[in-house]
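Structure first, commentary second.
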Amino acid sequence: MDMSARDNIPQRGAKRNYAEDGPDMRRPDKLAMTTDIRVSSPAVIDPPVASTNIISRPPIFRNDDYYKSLYKDEPDFRALGQRDPEFKAVLQRGSHLDFASPKSVMQLTKTLLKLDFDLVVDLPMDRLCPPVPNRHNYILWLKELLDSSSSPYLGSGEPTRNVVGLDIGTGASLIYPLLGCAQRLSWSFIATDVDAKSLTYARKNVQLNNLESRIRVVDRSATDRLIPLDELALEAIDFVMVNPPFYTSEAELLGLARQKSQPPNTACTGAPIEMVCAGGEIGFVGRIIAESLVLRERVQWYTSMLGKQSSLAVLVDTLKGHGVTNYAVTAFVQGNKTRRWAIGWSFGSRRPSLSASRGCEPPAGKKLLPPPTETTIGTWRASQATPEQLRLAICGTMDSLDLISWTWDKSLSRGVGFADGNVWSRSYRRRRAREREITGLTGERVAKGNLSHPRENQSEQKPVQDSVRDPFGFSITIGLSRPTGNDADQSVVVARWLQGGDHTLFESFAGLLRNSTRST
């Protein structure tokens, strides 16, 4: 994956579409990777994983809107039972599920994967049985994180582009690679684990779903690097994901369990090593942060789920301490009962959408959130300004600036531009005017045949400013909204920060837009 934004920048003055990404540098034919610590528990004995006749099934295509609509409401167990006889067999009185029963919880996971994603899984009784809605939320967030921080910027993401992800500690269920591959036909995964039993079941689940060409399950050891791109001969990948062990010790795990009242979904079939590691989730994600400081842009987004909200503040402070400013935080809510958090960070300059980067407000407040990447410039009633009048005002302002590029898409009512820094400030414009004046004088000398000091004349024509590595990128969108209690639509102008490392530049640009549209 080409993470260099500069390679995609049109030359100055080229008022045209932002270029597509360059050649894909990944090597999906050499997929492989890492994981967290897993051990076998002797308490429950499973029959050996039997060989299975794999039935080839063509993938069922469903668009993103379908997946976004899943699990907004609590599942209707009676309806699920009518669609799946195996689930109906574990229901009590036809509509009640015993969440304290591992068998019932496991069947719920299998049923949701089968009915909603066309996936088939085999799960052991002594390993974690993942709740599908919660894991699905992680994939939804990853899709938005990647789509909103990848070119082309004029579109709403590029779901068909090839994406390679690493799932650290995939577990027996292989839940994340399965969900990701079901939702995006162009995604592939490296799935890693250190537990032999989990690896055996994960490989079987790959076969059950005919995904051998898209998911590679890799054995790792507890002391291996978590993101071993070099060992796997991978130049770059798109994301890393992990659901790390939450607890620092078994004593902590058991102590916290005793403090809780009996929740409705208490069945936990996980082995201790799936939930416990030295340093807990902070220690585990800390290892990923340390490796990311070396790998940097070889991975577009490093992400992790978190089980404790207190971990979020610690990890955000750690990232800031290392100078990482492009990060994202969000929360995953399963019904009104279970909440998980997630953190992501990138060494690239492409900024994710507001909903992807600031998907929650932590208890510690907004100080933990990254800078906002969107702002509303203003709203106008039809009597004040039409969308066309706003477009003319915006495009007129953009055309007056010394931008690298500026493109307006009428079908989307959206423009995308790039600039080498603050080209709208008074100091910049004064300097630019002086340089044009010098250029004009030089032209007059040449016209009169004054060629005695050509090198000296050329040296006076200095560039306005050095081209920055990651130009400031922005989009401007004109939309319609209807306020509550109002029968008439209003025009809304929204500015979006697409790229760059300086948020104050985005704030200054938003101020320019407000001034330029104020008289419209």
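Residue pairs, Cβ under 7 Å, 6 or more apart or interchain, first in segment 487-516 and open to solvent by 70 Å² or more (accessible area, probe 1.4 Å), second not in a helix (DSSP H, G or I). List them.
R514/I377; R514/G378
Restrict the check to segment 431-439 and report whether at least one residue is modelled with pLDDT of 65 or more, charged (D, E, K, R) and in contact with a strand residue (DSSP E or B) (Cβ under 7 Å, 6 or more places away or on another chain). I'd like the intermediate steps shown before the answer.
Here is the first cut: in segment 431-439, the residues modelled with pLDDT of 65 or more are 431-439.
Now drop any that are not charged (D, E, K, R), which leaves 431-432, 434-437.
Still in the list and also in contact with a strand residue (DSSP E or B) (Cβ under 7 Å, 6 or more places away or on another chain): none.
The answer is no, given that none of the residues of segment 431-439 is modelled with pLDDT of 65 or more, charged (D, E, K, R) and in contact with a strand residue (DSSP E or B) (Cβ under 7 Å, 6 or more places away or on another chain).
Would you check which residues across segment 185-210 are open to solvent by 10 Å² or more (accessible area, probe 1.4 Å) and outside any helix (DSSP H, G or I) and list them?
L185, S186, S188, V194, N209, N210
Counting only residues that are assigned to a helix (DSSP H, G or I) and among the aliphatic types (A, V, I, L, M), which one in segment 366-395 is most open to solvent (accessible area, probe 1.4 Å)?
Selected residue: L392.
Restricting attention to segment 80-130, report how many residues are open to solvent by less than 30 Å² (accessible area, probe 1.4 Å), among the charged types (D, E, K, R) and farther than 22 Å from D64 by Cα.
Of the residues in segment 80-130, 3 are open to solvent by less than 30 Å² (accessible area, probe 1.4 Å), among the charged types (D, E, K, R) and farther than 22 Å from D64 by Cα.
In segment 312-344, which residues are surrounded by 20 or more Cβ atoms within 10 Å (Cβ to Cβ) and at pLDDT below 95?
Residues satisfying the conditions are L312, F332, R340, W341.
How many of the residues making up segment 219-228 are touching a residue at least 24 places away in the same chain (Cβ under 8 Å) and open to solvent by 20 Å² or more (accessible area, probe 1.4 Å)?
Keep residues of segment 219-228 that are touching a residue at least 24 places away in the same chain (Cβ under 8 Å), which gives 219-222, 224-228.
Adding the requirement that they be open to solvent by 20 Å² or more (accessible area, probe 1.4 Å) leaves 219-222, 224-225.
The total comes to 6.
The values are calculated or read from the model by the stated rules, or taken from the named source; none is laboratory data. Quick caveat: nothing in here was measured; it's all calculated off a predicted structure. Note that each Cβ is placed from the backbone with ideal geometry, even for glycine, and that neighbours are counted across all protein chains shown. For the accessible areas, the whole protein counts, side chains as well, though only heavy atoms, and no ligand, DNA or RNA atoms are used. Shrake-Rupley method; radii C 1.70, N 1.55, O 1.52, S 1.80 Å.
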